[in-house]
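Engineer: Attaching a single structure in structure tokens format; questions to follow.
The values are calculated or read from the model by the stated rules, or taken from the named source; none is laboratory data. The model shown is predicted, which means the values in this text are computed figures rather than measured ones. Please note: Cβ atoms are built from the backbone with ideal geometry, for glycine as well, and neighbour counts cover all protein chains shown.
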Amino acid sequence: MVLNIESKQDLEDFKSYILVEKNFSKHTAKAYYSDILSYLIWLDNERCEDVNFPKVREYLHFMQKFNYKKTTIARKIASIRTFYKYLHREKKIDANPAQNLISPKRPKSLPKFLTTEEIEQILSNINIDTPAGYRNRAILELLWASGMRVSELSGLNFENLNLEHNEITVFGKGSKERIILITDRAKNYLQGYIDYARPLIAQEYNHDPITDSSPVFINKTGYRLQTRMIRNVINDIVEKIELPKKVTPHMFRHSFATHLIENGADLRVVQELLGHASISNTQIYTHISMQHMKEVYNETHPRA
């Protein structure tokens, strides 16, 4: 199905709006763009400016055929709401037909995390005798020490590093800037990677000298290491040590926050370190800590 010219223009303008004005991350913007594209295709020849509330409800019923998760449905509804909010702002419609849509309640699932022993087991099983292996150790040490997102780590440039003060500047969701802290151990691995391993990783390729805008972590051809490769590194190690868990890069972030709170860190400090816009996003880690506390209590108290 081909979109008409007007719908195509609305979609492209909406994409610019959420990227530039709303400052959405590329990942979120891509999801919203895909959601609205599907919606416009479903509308067929009907102009989105002519749609009313019952028509939008009809689309929600249509989506039920695909057995989407509640989180996916909630995002698609948010996409449509935002799309019509944009059209209303641009005075292309008189009223927002999606304004009163009700999103399904998202199931509250606690983030999965790794114990300190599991993390150390993963780290100690990385072969650091090769340049790529040393790079991988530095990457996982950083994820564990800082709680940064894997996309933030992949996007690091040399200008973001302030190793003298154990600080790194990252750009999180919506390109929000924040400073994260790292341990001496993580700093030493990072410095060792920069000094010794990085020059050897892509030595067969001729690249420009390192500048402030050069990527910190590179692949074997000298270009920026992508998040997919970092996931593959973790998968390989977990398979090697037969850890009975599915481990993702984001679990290092969850583990970072959980262990900080378990050891008495202030919730506001953890919020800042994680780059959460709302403290409600950080509070979920207090529930993990309480759950863990109950498990320990039930396992160790003689009368439990």
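Engineer: I'd like the full set of residues that are free of Cβ contacts under 8 Å to residues at least 12 places away in the same chain and among the polar types (S, T, N, Q), limited to the stretch 163-195. Walk me through how you get there before you give the answer.
Structural biologist: Step one: list which residues in the stretch 163-195 are free of Cβ contacts under 8 Å to residues at least 12 places away in the same chain, which gives 164-165, 169, 177, 188, 195.
Once the filter is applied, which keeps residues that are free of Cβ contacts under 8 Å to residues at least 12 places away in the same chain and among the polar types (S, T, N, Q), the stretch 163-195 yields Thr169, Asn188.
Engineer: Any idea how many residues of the stretch 258-273 are surrounded by 12 or more Cβ atoms within 10 Å (Cβ to Cβ) and farther than 13 Å from Phe113 by Cβ? Spell out the reasoning first.
Structural biologist: Going residue by residue through the stretch 258-273, those that are surrounded by 12 or more Cβ atoms within 10 Å (Cβ to Cβ) are 258-262, 265, 267, 269-273.
The next check asks that each one be farther than 13 Å from Phe113 by Cβ; those that pass are 265, 267, 269-273.
Total satisfying the criteria: 7.
Engineer: Would you check if Arg228 is free of Cβ contacts under 8 Å to residues at least 12 places away in the same chain, under 24 Å from the mean Cα position of the chain (by Cα) and under 22 Å from Lys112 (Cβ atoms)?
Structural biologist: yes
Engineer: While we're on this one: Within the stretch 55-86, can you find the residues that are surrounded by 15 or more Cβ atoms within 10 Å (Cβ to Cβ) and either touching a helix residue (DSSP H, G or I) at 6+ places or on another chain (Cβ under 7 Å) or not assigned by TED's automatic domain parsing to the domain that holds Trp42 (or both)?
Structural biologist: Val56, Tyr59, Met63, Ile73, Arg75, Lys76, Ser79, Ile80, Thr82, Phe83, Tyr86
Engineer: Out of curiosity, is Glu177 of a type in the set (Asp, Glu), in contact with a strand residue (DSSP E or B) (Cβ under 7 Å, 6 or more places away or on another chain) and assigned by TED's automatic domain parsing to the domain that holds Tyr223?
Structural biologist: yes
Engineer: Please note which helices (runs of 4 or more DSSP H) are completely contained in the stretch 187-304 and include at least 3 residues that are of a type in the set (Val, Ile, Thr) and either touching a Gly at 6+ places or on another chain (Cβ under 9 Å) or modelled with pLDDT under 85 (or both).
Structural biologist: Working: elements: 198-201, 227-241, 249-262, 267-274, 279-300.
The helices (runs of 4 or more DSSP H) meeting that bar are 279-300.
One line per residue, one yes/no per condition, for (1) crowded, with 21+ Cβ neighbours inside 10 Å; (2) among the hydroxyl-bearing types (Ser, Thr, Tyr); (3) modelled with pLDDT under 90; (4) part of a helix (DSSP H, G or I):
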{"residue": "Gln99", "(1), (2), (3), (4)": "no, no, yes, no"}
{"residue": "Lys112", "(1), (2), (3), (4)": "no, no, yes, no"}
{"residue": "Gln121", "(1), (2), (3), (4)": "no, no, no, yes"}
{"residue": "Glu141", "(1), (2), (3), (4)": "yes, no, no, yes"}
{"residue": "Leu153", "(1), (2), (3), (4)": "yes, no, no, yes"}
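Engineer: Six or more apart or on different chains, Cβ under 6 Å: which pairs go from a residue in the stretch 71-82 that's in contact (Cβ under 8 Å) with a residue 40 or more places away in the chain to one that's not in a helix (DSSP H, G or I)? Could you list them?
Structural biologist: Qualifying pairs under 6 Å: Ile80/Ala98.
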